[in-house]
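The values are calculated or read from the model by the stated rules, or taken from the named source; none is laboratory data. Values in this document were obtained by computation on a predicted structure and should not be read as measured data. All Cβ positions, even for glycine, are placed from backbone atoms using ideal geometry, and neighbour counts span all protein chains on display.
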Amino acid sequence: MNMIKVPSRFQSTQPNQRYSTNFSPPDGMETCFISSCQAVMREIKSVCCNNANDYSDFKDSGGTFIAFGGLAKPELPNIRKRFVLFIRQREHQLQHSERAEGHSRQRRRAALDNGECPLFKGNGRTPSKRLSSSKFIPLPRYKQAQRSTKTSATMSSTKIAIAGFTGRMSQLITDALLQNHPRVEIHGIARNVDKIDPKYRDSSRIRIFQSDATDLAALRKGLAGTSVCICAYLGDGRLMIDGQKLLIDACVAEGVERYIASDWSLDFSGLGYGDLPSKDPMKHVADYLDQQSGIKGVHLLNGAFTEVLYSAVIGYCDVKNKTFTYYGSGDYILDATTMKDAAAYTAEVAVDHSAVGYIHVAGDSKSAKDLAAIFAKVYGIQLSVQNAGSLENLRENMTVARRNNPQDMRKWIGSHYQYWMAQEKTRMVNIQNSRYPRVKPSSVEDFLRKHTVESAASAYFSA
Ligand SMILES: NC(=O)c1ccc[n+]([C@@H]2O[C@H](COP(=O)([O-])OP(=O)(O)OC[C@H]3O[C@@H](n4cnc5c(N)ncnc54)[C@H](OP(=O)(O)O)[C@@H]3O)[C@@H](O)[C@H]2O)c1
């Protein structure tokens, strides 16, 4: 029997309060979620019902509750995670709703006059009406306007360090910061400053610092005075683990408040060490950040880069032979975000002082089968779609390939990605795109329309 555990501040046995976990599932059921708020229950149902063999609704003086049975054991932690994330987001929204209710009409009018409150222009709707009628509610837009006003007010003092400044993600993040946040200053830290594009070297808003990833003193010079450090390293395990740990140490020594880790990944938090070896460093770094008291970790997770979806690295699509090969049902959903959009989100997160922990974004979420269909729609090329077996077959194949070629990752990393991307626990479950409305992410179809067949397959390498 599994009672869901949620933080105590959400727990309640009072009928008029919103969340309660103080129920035991009825006989034969494994898990139950309880809330007196119908919207919460609807959301929980939509999240969980695909995963359960059976569920029942109950009513009680304490509220409605749903009990689920037949949940596969490995899915339970993921469902719990979703539930807790959902509750956190819901509580956040309710707080905004309550605050919004407390706003006087004049204050709203003043906000309108300042152009801060487009939601209320002319339509006379109140935030509470909007919130209560919405199933899953983004922050009210006037609140977002307040958020961005606050951000610009604090921007004069926002200095952002970017380590691995010669990399592609670094450059895209820098472009987004320069374009959208005129008062941000950037400290670009690179091991080889000669590689830096002169347009960045010559910018009055960028200061360049040369430092090896192993040079604590030089790293500290680059970080001094900054409040956020974005790490965009990409390299071997020593760089991604030891290099990032040293960078975090340097951040702590310089009083940097937040560290955005070099992730831009599927959600690795539910993976075990060794499951997907390229994610092990991210797990080490996340653990290391958790141990620090002087700095907050930020993990911007975006699924795959859209640029790799049709590449030989992952191995679904072989554009030369016009085949598309997948395992399992092919109906599982894959999250993807272009590098440019992931960078734009990172820039927004970097200037948003409240952004900490795991932040999910996604440019698009499509099934493996959809990827073949979108390709046919955009290019008019019908791929020969082949099912290569079950996900269990894929797991066996990838395990054998890895065992036979432990040092040659190219022989098995694509199949590992295919397998783990198909698992629900690596998905973006709490997508926060609406928190950063400035970013208008591209769909997979948008991405393909900007590419030829060949360049769609090689986009990651030519980015
Ligand atoms: N979700 C996905 O599908 C996906 C796919 C690929 C990558 N990613 C993520 O994207 C991020 C970076 O990708 P990217 O394409 O921007 O990488 P990139 O262009 O290869 O840039 C890597 C950066 O790391 C620096 N670097 C490498 N080795 C170093 C060392 N020993 N010491 C100091 N600096 C070193 C490089 O400096 P030099 O220029 O001097 O070499 C460069 O600045 C990573 O976090 C990765 O996990 C995600």
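Values as computed for the structure displayed
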item	result
Of residues in segment 227-243 being closer than 14 Å to Lys296 by Cα and within 11 Å of the ligand (Cβ to nearest atom), the one surrounded by the fewest Cβ atoms within 10 Å (Cβ to Cβ)	Cys231
Whichever residue in segment 434-445 is more than 16 Å from the ligand (Cβ to nearest atom) and buried (at least 18 other Cβ atoms within 10 Å of the Cβ) and, among such residues, is nearest to Ile381 (Cα to Cα)	Val439
Per-region count, segment 287-319, residues more than 13 Å from the ligand (Cβ to nearest atom) and closer than 22 Å to Asp236 by Cβ	5
Selected residue (criterion: nearest to the ligand (Cβ to nearest atom)) from residues of segment 206-226 that are crowded, with 20+ Cβ neighbours inside 10 Å and part of a loop (DSSP other than H, G, I, E, B)	Ala213
Flag for Asp267 being outside any strand (DSSP E or B), more than 8 Å from the ligand (Cβ to nearest atom), touching a His at 6+ places or on another chain (Cβ under 8 Å) and modelled with pLDDT of 95 or more	yes
Subset of segment 180-205 [part of a loop (DSSP other than H, G, I, E, B), under 29 Å from the mean Cα position of the chain (by Cα) and more than 15 Å from the ligand (Cβ to nearest atom)]	His181, Pro182, Arg183, Val184, Arg205
Count of residues meeting criterion [out of contact with any Cys (no Cβ under 9 Å at 6 or more places or on another chain), closer than 19 Å to Gln171 by Cα and part of a loop (DSSP other than H, G, I, E, B)] in segment 228-262	4
Residues within segment 270-303 that are assigned to a helix (DSSP H, G or I), touching a strand residue (DSSP E or B) at 6+ places or on another chain (Cβ under 9 Å) and either crowded, with 21+ Cβ neighbours inside 10 Å or not aliphatic (A, V, I, L, M) (or both), tallied	7
Total residues in segment 244-256, condition touching a residue at least 40 places away in the same chain (Cβ under 8 Å) and within 15 Å of the ligand (Cβ to nearest atom)	4
Criterion (out of contact with any His (no Cβ under 6 Å at 6 or more places or on another chain), free of Cβ contacts under 8 Å to residues at least 40 places away in the same chain and surrounded by 20 or more Cβ atoms within 10 Å (Cβ to Cβ)) met by exactly one of Tyr310, Tyr259	Tyr259
